[in-house]
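Read-outs: derived from the displayed coordinates by stated rules, not from any lab. These figures come from a predicted structure and were not determined experimentally. Glycine also receives a Cβ, built like all others from the backbone with ideal geometry; neighbour counts cover every protein chain displayed.
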């Protein structure tokens with residue numbers, strides 16, 4: 001759905017991906033589509049409950065059994081949606097890696113850090129123990145952990161928050177995956193550490209040529225690391241654009257309000273404008289645009305049907321009947 | 001905030017297993033009280049019909065002295081029900097009181113009580129009860145004394161913990177600030193809110209009491225022959241396991257069924273009281 | 001960490017003292033002259049006088065207690081007239097079978113509880129889970145002597161595989177003969193461990209590191225056994241430790257049922273023969289045994305959970 005040069009096949013492609021709750025049918029994610037090329041960094045931003053984490057978990061097949069996924073997911077040209085557990089297990093770690101939000105919860109408390117990293121290698125490679133140890137220290141150095149040989153023998157509770165997230169990264173990167181999914185990787189960290197980890201992610205992406213999908217609720221994080229970004233609301237993508245343009249000239253009213261709600265300086269000059277209301281309940285979603293009840297530009301047409309996706313002239317697109325654009329673009 | 005009003009408000013929403021358990025227990029009580037009236041003596045011997053398998057005249061078979069096991073089991077019902085009660089009630093009262101006092105007043109009282117608890121807990125319960133009964137002499141009465149001496153510990157621990165929690169809640173502080181005497185605070189305000197946990201524990205402790213009592217009967221230290229206490233009947237039947245397994249099997253089944261009845265009742269009671277005790 | 005172990009051993013002292021006091025007072029509960037009571041039917045005036053001197057019965061009670069402790073420290077548990085030997089000797093010969101039975105029961109408990117708990121947690125709310133939980137409820141609700149009886153009936157009489165009683169000679173024979181007794185205890189104990197394991201497994205499986213493990217590409221079985229289980233086992237072991245008192249108590253009944261020549265049987269027999277010194281000694285030994293096993297369980301926790309290690313360092 002986003003226009004991109006057709007010469008290179010995308011590394012990751014989602015087409016009409018949806019996630020529903022098995023019993024009751026509440027919809028958490030609906031009709032999500034985007035593509036990602038090798039080495040690209042793509043951000044997904046939205047409030048909590050917007051379905052961004054769920055989407056990303058659907059890619060790697062880590063949804064809880066109470067949820068059902070639908071739609072097409074292609075990795076390196078092959079369909080992986082609904083793939084068998086064995087195939088997914090082979091893919092995880094080696095092709096697609098993932099880091100999660102809470103680094104303390106993400107690490108096994110009773111296993112040394114080094115063993116947790118080496119375990120990924122054991123199950124994907126044919127390295128012998130010595131080579132595994134070497135690779136472990138190598139990847140620990142890569143993520144910026146000091147004294148890897150000594151640190152490898154420690155337990156997660158002996159490390160700081162930043163160190164733990166680096167370990168989680170090391171685990172995900174041990175087998176050099178081509179795609180890294182990061183679900184709010186810095187949210188649980190101190191502000192000073194956040195910056196370090198983001199810089200690390202950026203460096204790693206460039207040096208390893210790895211694609212990155214970064215999920216966050218923080219637009220500041222997006223600005224730092226991502227090339228393109230999709231804005232999710234109520235389980236759908238409402239806008240997708242290159243980062244610079246999203247910040248300078250957002251098309252969707254929700255994006256505009258998100259930007260306005262970021263503190264940008266002294267409050268007297270830039271008063272905070274929180275968005276009134278709350279996101280739609282997945283169990284009772286309105287027939288029309290999910291944002292309509294909170295949107296200052298909404299009309300009666302907005303509440304009837306979900307707005308269709310319209311491609312932007314440059315790249316990306318949006319789903320809105322009344323976008324904030326100087327002139328109306330051509331319909332897709 | 002007494003327990004009576006909270007039950008009143010639950011009304012029709014009584015948990016299923018509570019109702020079922022209560023019904024079963026009522027049935028047991030009826031059996032225990034009325035059964036013996038309808039049957040012959042449990043000691044009636046009939047040597048011509050010794051060691052007979054279950055039949056119409058002897059639904060549970062007979063033992064080596066020709067006594068009907070069915071008759072004996074029914075007569076024994078009230079003994080084992082009493083065992084359940086008398087092993088739990090003294091321990092419940094002593095332990096809850098000590099626990100309440102220890103939790104409320106703290107200080108020396110608490111230290112002394114908790115030290116006693118630590119020591120009592122160190123012993124395997126059955127072993128110390130056996131030891132005390134050995135010293136005092138076998139018999140149900142001495143068994144009740146022995147259990148009371150050691151069994152209060154669990155109740156003390158529970159009520160002390162609950163008291164410590166409840167003490168800090170506002171209504172207790174308010175009552176104290178109003179200048180109410182300690183006794184009033186304890187009895188009217190703390191006790192009704194602290195006791196439900198102990199009651200729940202007691203309902204499952206009854207089962208353990210019955211097991212303990214019948215175990216002691218089995219070992220010859222509890223009820224004495226010719227009492228038709230179930231553990232005693234099982235012990236008698238042991239040597240006939242190959243020839244007449246029904247002698248031991250049926251009383252055992254009775255114990256299991258009684259335990260299940262109490263278990264259902266206790267679980268139901270816990271379900272009923274738990275939402276109210278969690279503030 | 002050594003300091004922690006030493007500290008725990010030191011904390012045992014008041015409990016041990018308490019145990020000795022209780023045991024000491026036990027015999028004093030019997031009305032009449034303690035010396036005469038202890039000698040039982042062998043009481044002659046000379047022996048009674050000697051015993052009175054030995055126990056210091058004309059001294060104040062607390063001095064008697066100290067004398068009692070002094071004897072204990074020297075390994076002198078007294079003399080059994082019924083068996084005709086020093087009680088310390090008696091206790092030693094009967095200690096072996098009881099220890100083997102306890103260890104065997106623990107092993108069988110784990111053998112039953114671990115797979116069952118795993119199954120119930122993984123197949124949560126499905127048929128297997130319900131079956132396991134019903135089994136657990138039944139298992140706790142059966143008195144041990146009845147379980148013993150049913151096992152004898154089924155596996156020793158109806159289908160004669162195992163012996164009805166006894167201990168056998170030689171270690172392999174011990175293991176075979178003790179299977180039914182150990183199983184009896186395990187049937188009572190396993191449900192408790194199983195329930196704790198199921199609960200802690202469900203909690204572990206909902207933790208974040210399970211996501212990480214799966215995101216690494218580990219097969220489901222490895223995630224369950226290599227990540228969830230090592231974390232879940234600690235509370236289950238704790239529950240096992242909490243019920244050691246119950247376990248030791250059960251051995252008394254089980255030894256009687258299956259005629260295993262252990263401490264429990266010694267105690268019951270001695271009650272019949274009014275051999276009070278033996279009763280005293282066995283109570284003491286069993287009490288100390290429970291305390292030691294509790295300590296061992298705490299140390300196991302240290303071994304299994306590195307976070308506990310750090311807390312005590």
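Points to keep in mind about this one:
- Building the convex hull from the alpha-carbon atoms of segment C:174-313 and averaging its projection over directions returns 11.1 nm².
- Between residue B:55 and residue C:71, the modelled label-to-label distance comes to 5.8 nm, taking each label 7 Å out from Cα in the direction of the beta carbon.
- Separation in nanometres of the label points that stand 7 Å from Cα toward Cβ, at residue C:88 and residue B:187: 5.6
- Residue among A:120, A:170, A:86 with the largest mean-square fluctuation in a Gaussian network model of chain A, springs linking Cα atoms under 10 Å: A:86
- Remark: C-alpha extents of segment C:1-134 on the principal axes read 73, 40, 27 Å, sorted largest to smallest.
- Rh (Kirkwood; distinct C-alpha pairs) - chain B, Å: 20.7
- FRET efficiency for the pair residue A:122 and residue C:5, taken as 1/(1 + (r/R0)^6) with r the Cβ-Cβ distance and R0 = 45 Å, rounds to 0.85.
- Among C:99, C:286, C:303, the largest mean-square fluctuation in a Gaussian network model of chain C, built with springs joining Cα atoms closer than 10 Å, belongs to C:303.
- Rounded to the nearest 10 degrees, the angle from helix A:161-173 to the longest Cα principal axis of chain A is 90 degrees.
- Note on the protein assembly as shown: Cα-only Rg and Dmax are 35.7, 122 Å.
- Partner chain coverage, peptide A:101-111 - average Cβ within 10 angstrom: 6
- Applying 1/(1 + (r/R0)^6) with r as the Cβ-Cβ distance of residue C:99 and residue A:324 and R0 = 56 angstrom yields a FRET efficiency of 0.10.
- Rounded to the nearest 10 degrees, the inclination of helix B:191-219 to the longest alpha-carbon principal axis of chain B is 20 degrees.
- From its DSSP helices (H runs of at least four residues, each -39,500 (n - 2.57)), the protein assembly as shown gives a residue-normalised ellipticity at 222 nm of -19000 deg cm²/dmol.
- Helix axis angle, B:107-122 relative to chain B longest principal axis, alpha carbon, degrees: 30
- According to the Kirkwood relation over distinct C-alpha pairs, the hydrodynamic radius of segment B:1-157 is 19.4 Å.
- Here the alpha carbons of chain A define both size measures, Rg and Dmax, at 20.6, 67 Å.
- Percentage relative contact order, segment C:89-237, counting C-alpha pairs under 8 Å, at least six apart: 30
- Just checking the listed ones, B:100, B:24, B:116: in the Gaussian network model of chain B with Cα springs under 10 Å, the one fluctuating most is B:116.
- A viscosity of 1.002 mPa s and a temperature of 20 °C, combined with the Kirkwood radius over Cα pairs in Stokes-Einstein, give a translational diffusion coefficient for segment C:243-313 of 155 µm²/s.
- For segment A:135-208, the spread of Cα positions along the three principal axes, ordered from largest to smallest, is 28, 27, 16 Å.
- Within 10 Å of each Cβ in C:244-253, the average number of Cβ atoms from other chains: 5
- For segment A:168-183, no residue has its backbone nitrogen under 11 Å from a point 7 Å from the Cα of residue A:90, taken along Cα to Cβ.
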